[in-house]
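Before I ask anything, let me first share the structure, which is written out below as structure tokens.
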Amino acid sequence: MNKEQQELRKKSPIQIKNKKAAFDFFIVDTYTAGIVLTGTEIKSLRLGKASLVDTFCFIHNGEVWVKGMNISPYFYGSYNNHEAKRDRKLLLNRKEIRHLQEDTKAVGFTIVPTLVFIDDKGRAKIDIALCRGKKQYDKRETLKAKQDRREMDRAIKRF
């Protein structure tokens, strides 16, 4: 990911993060994909009414799908409102899908969504990551490093 892409993500008014993904997994590789949404879904997403808790991606018939992503029903939607936790199709190149498919065949690897944002043209995008699961001792090590960083920051602010 280059600096221009990182700056676009920072400028995005909507950034829905999966904070638990960095804690539960080692991130090996990241991809940015488009999401196929209905009208009420994009309206609800622009209001920030979405969650990436307990979501994952899977590949079926050469297409990447995200499962478990919660986009709350749009408040002003009528009978046309969408289902909150339906499977949503992701838009990636064939080459990227093939790489993901080959990599997930290895034991311990999975595809996890890490960030949903709106790009500069108003389209919903999702960052997905190829991840390897952490063991319990890796998670404890991550927590200890986080606490150490926090204590160092506090010590620097005092002086």
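Mind telling me which of the residues 67, 49 ends up being farther than 13 Å from residue 128 by Cβ and either open to solvent by 70 Å² or more (accessible area, probe 1.4 Å) or touching a helix residue (DSSP H, G or I) at 6+ places or on another chain (Cβ under 8 Å) (or both)?
49
In segment 77-101, what residues are part of a helix (DSSP H, G or I) and of a type in the set (A, V, I, L, M)?
Result: 97, 100.
Moving to a separate point now. Name the single residue, out of those in segment 52-64 being open to solvent by 50 Å² or more (accessible area, probe 1.4 Å) and outside any loop (DSSP other than H, G, I, E, B), that is nearest to residue 84 (Cα to Cα).
Among them, the one singled out is 56.
Does residue 74 fit the bill of being assigned to a loop (DSSP other than H, G, I, E, B), touching a residue at least 12 places away in the same chain (Cβ under 8 Å) and hydroxyl-bearing (Ser, Thr, Tyr)?
Against the criterion (assigned to a loop (DSSP other than H, G, I, E, B), touching a residue at least 12 places away in the same chain (Cβ under 8 Å) and hydroxyl-bearing (Ser, Thr, Tyr)), residue 74 qualifies.
Related question: State whether the residues of segment 20-42 include one that is free of Cβ contacts under 8 Å to residues at least 60 places away in the same chain, more than 23 Å from residue 135 (Cβ to Cβ) and not in a helix (DSSP H, G or I).
Taking every residue of segment 20-42 in turn, at least one turns out to be free of Cβ contacts under 8 Å to residues at least 60 places away in the same chain, more than 23 Å from residue 135 (Cβ to Cβ) and not in a helix (DSSP H, G or I).
Working only within segment 102-127, note down all residues that are of a type in the set (D, E, K, R) and farther than 14 Å from residue 21 by Cα. Step through it out loud before you land on a result.
Of the residues in segment 102-127, the ones of a type in the set (D, E, K, R) are 102-103, 105, 119-121, 123, 125, 127.
Within segment 102-127, 102, 103, 105, 119, 120, 121, 123, 125 qualify.
Working only within segment 24-81, note down all residues that are among the small types (Gly, Ala, Ser) and more than 13 Å from the chain's Cα centre (by Cα).
Matches in segment 24-81: 39, 44, 48, 62, 72, 77, 78.
A follow-up question, please. Scan segment 109-138 and report the pairs whose first residue is part of a loop (DSSP other than H, G, I, E, B) and whose second residue is at pLDDT 90 or above and open to solvent by less than 30 Å² (accessible area, probe 1.4 Å), with Cβ atoms within less than 7 Å and a gap of 6+ or a chain change.
123/34
Another question, if that's okay. Has segment 4-17 got at least one residue that is open to solvent by 100 Å² or more (accessible area, probe 1.4 Å), modelled with pLDDT of 85 or more and part of a strand (DSSP E or B)?
yes
Pull up segment 142-157, narrow it to residues that are more than 27 Å from the chain's Cα centre (by Cα) and hydrophobic (A, V, I, L, M, F, W, C), then point me to the one that is nearest to residue 24 (Cα to Cα).
Among those that are more than 27 Å from the chain's Cα centre (by Cα) and hydrophobic (A, V, I, L, M, F, W, C), it is 152.
Give just the number: which of (1) within 23 Å of residue 97 (Cβ to Cβ); (2) in contact with a helix residue (DSSP H, G or I) (Cβ under 9 Å, 6 or more places away or on another chain); (3) of a type outside the set (Val, Ile, Thr) does residue 134 not satisfy?
Here residue 134 meets the rest and fails (1).
Against the definition (open to solvent by less than 100 Å² (accessible area, probe 1.4 Å), part of a helix (DSSP H, G or I) and either without any contact (Cβ under 8 Å) to a residue 40 or more places away in the chain or at positive phi (or both)), how does residue 106 come out, yes or no?
On the way: open to solvent by less than 100 Å² (accessible area, probe 1.4 Å): yes; part of a helix (DSSP H, G or I): no; either without any contact (Cβ under 8 Å) to a residue 40 or more places away in the chain or at positive phi (or both): yes.
The answer is no for residue 106.
The values are calculated or read from the model by the stated rules, or taken from the named source; none is laboratory data. Everything quoted here is computed from the prediction, not taken from an experiment. Cβ atoms come from the backbone with ideal geometry, glycine included; neighbour counts cover every protein chain shown. In case anyone asks, the SASA skips ligands and DNA or RNA and just uses the protein heavy atoms, side chains included. Shrake-Rupley method; radii C 1.70, N 1.55, O 1.52, S 1.80 Å.
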